[in-house]
Amino acid sequence: MIPPVAGFVMEGRRSRNRKSAKRRRAQSSERNRDAKKSKSEPSSSSFLEKMKARLSGGHFRMINEKLYTCTGEEALNYFKEDPSLFNMYHAGYQAQMSQWPEQPVHKIIEWLQVHSPSLTVADFGCGDARVAKSVKNKVFSFDLVSNDPDVIAGDMSNTRLDSSSVDVAIFCLSLMGLNYPNYLKEAHRVLKPSGWLLIAEVKSRLDPKTGGADPNKFIKAVCELGFTPVSKDFTNKMFVLFHFTKQEKPISKRKEIAWPELKPCIYKRR
Ligand SMILES: C[S@@+](CC[C@H](N)C(=O)[O-])C[C@H]1O[C@@H](n2cnc3c(N)ncnc32)[C@H](O)[C@@H]1O
């Protein structure tokens, strides 16, 4: 075996020490660089999440606009062609609602909870049937698509309920179709005399300051259909709430009702 040369061994260790110190410095500066990068740039997974959220927000706004610019029958056919669009719409709708300081559906549930549970209710455009799930009353829940055995699928301008059979008709942000007067006519048909009509609508649709309809013209038209106004609440920032009762006697001479146009509610990008 060749004996190690003292000078060579000494020189080799020093050079190895210098090399490993250099390697440690390089590794540490690489770690620092990575740490700075992860603080300033989003990781690829959070970037993907952001893109997915943007995409589903875009889909929601597109479906929402469609529902406000077609008739109930067209909306029914739209969802029949692709029922998954309904879930996409409702995911986006719930995301929007979570930003509202108060949800109108909660006001309606509160109203029902302080009235007799024996009142029979028809929820027109019920969405996820929150009303039916929150009260003791018998509730008929209608929407374009049914993902729940308690929801009756179809166009709410024809509920197939018996005439004069329910005590309360609810429209919570659901006067969406261009033919919205037909939904109110159907509510008038199925309500018992003196029955309640509760309407919550997006405030901007009934606020002339933001290009919406004149709320008094809307109230007048509902009265001409055969209702008496009981209360109107404009105190909420996001929605208006009306209570009417069905007149006892049918209107004898029915004249043409001047229904105001209700503009679509366009949700902002978040
Ligand atoms: C804005 S969402 C409100 C849902 C629920 N009322 C709430 O407050 O959470 C309106 C609902 O009305 C339904 N809708 C709109 N037009 C309809 C029609 N012609 N027949 C049945 N449902 C309708 C939509 O499918 C949607 O689920």
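The values are calculated or read from the model by the stated rules, or taken from the named source; none is laboratory data. All values reported here derive from a predicted model rather than from experimental measurement. Counting neighbours? That spans all protein chains shown, and the Cβs are built from the backbone with ideal geometry, glycine included.
So how many residues does the range 45-76 have that are more than 20 Å from the chain's Cα centre (by Cα), of a type outside the set (D, E, K, R) and within 12 Å of the ligand (Cβ to nearest atom)?
Summing the residues that are more than 20 Å from the chain's Cα centre (by Cα), of a type outside the set (D, E, K, R) and within 12 Å of the ligand (Cβ to nearest atom) in the range 45-76 gives 0.
State whether the residues of the range 141-154 include one that is surrounded by 21 or more Cβ atoms within 10 Å (Cβ to Cβ) and away from the ligand (no atom under 11 Å from the Cβ).
No.
Any chance you could count how many residues in the range 164-186 are surrounded by fewer than 21 Cβ atoms within 10 Å (Cβ to Cβ) and in a strand (DSSP E or B)?
Selection size over the range 164-186: 1.
Take Leu175 and tell me if it is under 21 Å from Lys107 (Cβ atoms) and near the ligand (Cβ under 10 Å from one of its atoms).
So Leu175 passes the test.
Would you be able to say whether some residue in the range 187-208 is part of a helix (DSSP H, G or I) and surrounded by fewer than 15 Cβ atoms within 10 Å (Cβ to Cβ)?
Scanning the range 187-208, I find at least one residue that is part of a helix (DSSP H, G or I) and surrounded by fewer than 15 Cβ atoms within 10 Å (Cβ to Cβ), so the answer is yes.
So, in the range 93-105, of the ones that are surrounded by 14 or more Cβ atoms within 10 Å (Cβ to Cβ) and within 10 Å of the ligand (Cβ to nearest atom), which residue ends up farthest from Ser134 (Cα to Cα)?
Taking the candidates together, the pick is Gln96.
May I ask you to list the residues in the range 106-120 that are within 12 Å of the ligand (Cβ to nearest atom) and crowded, with 21+ Cβ neighbours inside 10 Å?
Result: Ile108, single match.
Would you be able to say whether some residue in the range 22-44 is more than 30 Å from Glu186 (Cα to Cα), at pLDDT 70 or above, assigned to a helix (DSSP H, G or I) and more than 11 Å from the ligand (Cβ to nearest atom)?
yes
Yes or no: Val166 hydrophobic (A, V, I, L, M, F, W, C), touching a helix residue (DSSP H, G or I) at 6+ places or on another chain (Cβ under 6 Å), within 13 Å of the ligand (Cβ to nearest atom) and farther than 22 Å from Phe239 by Cβ?
In short, no.
So, in the range 222-242, of the ones that are among the charged types (D, E, K, R) and either outside any loop (DSSP other than H, G, I, E, B) or touching a strand residue (DSSP E or B) at 6+ places or on another chain (Cβ under 6 Å) (or both), which residue ends up farthest from Val105 (Cα to Cα)?
Checking each candidate, the answer is Glu224.
Looking at the range 201-257, which of the residues that are of a type in the set (Lys, Arg) and over 26 Å from the mean Cα position of the chain (by Cα) is nearest to Val190 (Cα to Cα)?
Going through the qualifying residues, I end up with Lys246.
Give all pairs with beta carbons closer than 7 Å in which a residue from the range 86-99 that is under 17 Å from Gly125 (Cβ atoms) meets a residue that is near the ligand (Cβ under 9 Å from one of its atoms); count only pairs at least 6 apart in sequence or on separate chains.
Final answer for the pair search is Phe86/Phe79; Phe86/Leu144; Phe86/Val145; Tyr89/Asn64; His90/Gly127; His90/Asp128; Met97/Gln103.
Would you pick out the residues in the range 100-129 that are out of contact with any strand residue (DSSP E or B) (no Cβ under 9 Å at 6 or more places or on another chain) and either without any contact (Cβ under 8 Å) to a residue 12 or more places away in the chain or among the charged types (D, E, K, R) (or both)?
Of everything in the range 100-129, those that are out of contact with any strand residue (DSSP E or B) (no Cβ under 9 Å at 6 or more places or on another chain) and either without any contact (Cβ under 8 Å) to a residue 12 or more places away in the chain or among the charged types (D, E, K, R) (or both) turn out to be His106, Glu110, Val114.
Residues being of a type in the set (Val, Ile, Thr) and modelled with pLDDT of 90 or more: count how many of those fall in the range 243-270.
Total satisfying the criteria: 2.
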